[in-house]
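One structure is given here, and the rest of the page talks about it.
The values are calculated or read from the model by the stated rules, or taken from the named source; none is laboratory data. Just so you know, these numbers come straight off a predicted model, no measurement behind them. Cβ sites come from the backbone with ideal geometry, for glycine too, and all protein chains shown count toward neighbours.
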Amino acid sequence: MPTERRVLVYQDRDQLTTSVAKRFLSRTRELLESQETVHVVLTGGTVGTGTLAAVAASKDRDRVDWSRVHLWWGDERWVARDDADRNELQAREALLEILLVLPERGLVAEHVHGYPAPEDGIDLDAAAVRYADELRRFARPGEDHPRFDITFLGVGPDGHVASLFPERAEVSVTDTSVVPVRNSPKPPSERLSLTRPAINSSVRVWLVLAGADKASALGLALAGASYNEVPAAGAKGRKRTVFFVDQDAAAEVPDSLILPEY
Ligand SMILES: O=C(O)[C@H](O)[C@@H](O)[C@H](O)[C@H](O)COP(=O)(O)O
């Protein structure tokens with residue numbers, strides 16, 4: 001299946017998160033018409049979390065059968081579950097707490113697949129193995145992880161996605177779904193991340209980014225930089241890769257790559 005790459009530009013961060021939320025809700029509903037479950041990979045970061053808050057605020061929120069949606073994370077920070085830095089906690093506060101208590105068709109607690117945390121009494125390496133095992137439990141026979149329908153990724157100013165940072169060994173790991181990350185250039189220093197092949201197994205990869213500090217990373221990713229230099233350049237969905245960006249982040253995107261709404 002050839003992968004298509006698109007760039008959609010929005011006026012500002014609010015318009016971006018509202019539009020991505022709307023598209024996410026409609027795509028999820030559409031997918032649930034033809035498949036039993038939908039697997040979504042969430043991202044940390046301000047734009048990813050802002051998108052979840054926009055889902056929470058959307059009038060279409062309760063039209064999705066959330067009981068058939070599974071949520072995973074592209075990466076997690078190795079901090080306690082109640083630490084404000086935890087990606088999962090941010091997502092729970094922005095959206096999941098609401099979905100878990102909907103009177104009908106609500107999100108199922110067991111379908112929220114958070115990473116292990118230090119209080120589980122295991123180290124970072126064991127935590128990576130445990131999350132890989134959890135992914136395998138939901139995989140088709142012979143596969144390592146579920147078929148992700150939509151994977152959200154934030155992008156750092158250095159071009160990192162999930163916790164795959166430029167010129168670091170983790171960005172090239174291909175023999176497992178989950179890697180431990182130590183000495184991360186972005187705090188906190190210890191993290192867990194999906195690997196590039198796990199991310200790229202997704203049917204759709206949706207990168208969400210806003211702000212002038214992302215312009216150069218985005219420009220380089222689209223200009224064909226290597227994934228080692230700019231990990232965002234290596235993130236590709238099997239069917240489609242969409243960069244949802246605001247005008248500030250789009251400053252270095254060639255006009256020919258910018259598409260109108262589809
Ligand atoms: O744990 C994390 O920090 C994230 O998952 C990370 O990959 C994030 O998505 C980007 O750094 C973008 O973050 P912003 O949207 O806040 O710029």
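Details
- Test result for residue 80, within 19 Å of residue 163 (Cβ to Cβ), more than 14 Å from the chain's Cα centre (by Cα), surrounded by fewer than 19 Cβ atoms within 10 Å (Cβ to Cβ) and away from the ligand (no atom under 16 Å from the Cβ): no
- 2 or more residues at pLDDT 95 or above and in contact with a Lys or Arg (Cβ under 7 Å, 6 or more places away or on another chain): qualifying strands (runs of 3 or more DSSP E) within segment 1-84: 38-42, 75-77
- In segment 168-178, the count of residues that are over 21 Å from residue 52 (Cβ atoms), assigned to a loop (DSSP other than H, G, I, E, B), in contact with a Pro (Cβ under 7 Å, 6 or more places away or on another chain) and of a type outside the set (Val, Ile, Thr) is zero.
- For residue 203, the conditions (1) surrounded by fewer than 19 Cβ atoms within 10 Å (Cβ to Cβ); (2) touching a strand residue (DSSP E or B) at 6+ places or on another chain (Cβ under 6 Å); (3) β-branched (Val, Ile, Thr) are fulfilled apart from (2).
- Filter result for residue 226 (at pLDDT 95 or above, small (Gly, Ala, Ser) and within 22 Å of residue 41 (Cβ to Cβ)): no
- Output for segment 139-167, where each listed residue is part of a loop (DSSP other than H, G, I, E, B), within 13 Å of the ligand (Cβ to nearest atom) and out of contact with any His (no Cβ under 8 Å at 6 or more places or on another chain): 155, 156, 157, 158, 159, 160, 162, 163, 165
- Qualifying residue in segment 103-110 (condition: more than 16 Å from the ligand (Cβ to nearest atom), basic (Lys, Arg), within 22 Å of residue 31 (Cβ to Cβ) and more than 19 Å from the chain's Cα centre (by Cα)): yes
- Considering only residues in segment 12-69 that are among the aliphatic types (A, V, I, L, M), more than 24 Å from residue 198 (Cα to Cα) and under 18 Å from the mean Cα position of the chain (by Cα), the one that is surrounded by the most Cβ atoms within 10 Å (Cβ to Cβ) turns out to be 16.
- A single entry from 235, 225, 217, 250 fulfils the requirement of being in contact (Cβ under 8 Å) with a residue 12 or more places away in the chain, over 18 Å from the mean Cα position of the chain (by Cα) and within 26 Å of residue 21 (Cβ to Cβ): 250.
Condition check ((1) crowded, with 16+ Cβ neighbours inside 10 Å; (2) touching a helix residue (DSSP H, G or I) at 6+ places or on another chain (Cβ under 7 Å); (3) basic (Lys, Arg)) across all residues:
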| site | (1), (2), (3) |
| --- | --- |
| 84 | no, no, no |
| 88 | yes, no, no |
| 100 | no, yes, no |
| 113 | yes, yes, no |
| 140 | no, no, yes |
| 148 | yes, no, no |
| 168 | yes, no, yes |
| 180 | yes, yes, no |
| 183 | no, no, no |
